[in-house]
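**Q** This is the structure I have questions about; it appears just below.
The values are calculated or read from the model by the stated rules, or taken from the named source; none is laboratory data. Bear in mind that the values here come from a model prediction, so they are computed numbers and not experimental data. Each accessible area value is taken on the protein alone, full model and side chains, heavy atoms only, with ligands, DNA and RNA left out. Shrake-Rupley method; radii C 1.70, N 1.55, O 1.52, S 1.80 Å.
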Amino acid sequence: MPRVVPDQRSKFENEEFFRKLSRECEIKYTGFRDRPHEERQARFQNACRDGRSEIAFVATGTNLSLQFFPANLHGDQRQVPAREYVDFERDTGKVYLKAPMILNGVCVMWRGWIDLQRLDGMGYLEYDEERAQEDALAQAAFEEARRRTRDFEDRDRSHREDLETTTGPQPWLKHGQR
């Protein structure tokens with residue numbers, strides 16, 4: 001289970017890293033920089049159709065490897081991302097993208113568009129309230145299960161110690177056996 005911080009919203013709103021990336025700013029496709037531009041264009045479009053891509057925020061140099069699928073679904077190679085996540089039809093010559101992720105312990109949604117000719121565009125991060133609540137509930141359930149396991153182990157250990165003090169040591173049993 002990926003770890004999230006306890007107060008995700010506060011971290012998103014107060015950290016300089018998130019404040020910079022939450023403003024719409026210039027982005028670029030960063031894949032296959034050593035290849036000719038036409039090949040990069042084709043590879044970018046194919047990668048988007050496969051549900052993934054690499055982009056960078058130009059101003060900060062922050063590079064992200066994005067997956068364009070719902071947060072609870074990790075794309076496998078036979079899957080095509082929904083139009084909600086990869087939309088080639090909204091504007092001619094652009095693709096609109098959406099990618100959920102956990103970044104520095106905070107549930108965020110990356111949103112942006114990229115010009116299919118120039119391979120640059122605009123993008124930003126936004127706090128993903130819905131996913132943050134789901135992850136907080138999952139984290140709480142996980143912690144509750146851990147607490148119950150610890151309680152059980154403590155009761156079991158206490159019970160074993162009580163048995164040893166009332167019946168005395170039993171040399172024919174190896175340590176931990178009953």
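**Q** Out of (1) assigned to a helix (DSSP H, G or I); (2) charged (D, E, K, R); (3) open to solvent by 70 Å² or more (accessible area, probe 1.4 Å); (4) at pLDDT below 80, the odd one out for residue 150 is which?
**A** Result: residue 150 passes all but (4).
**Q** Take the residues of region 57-81 that are open to solvent by 50 Å² or more (accessible area, probe 1.4 Å) and at pLDDT below 90: which is farthest from residue 44 (Cα to Cα)?
**A** 72
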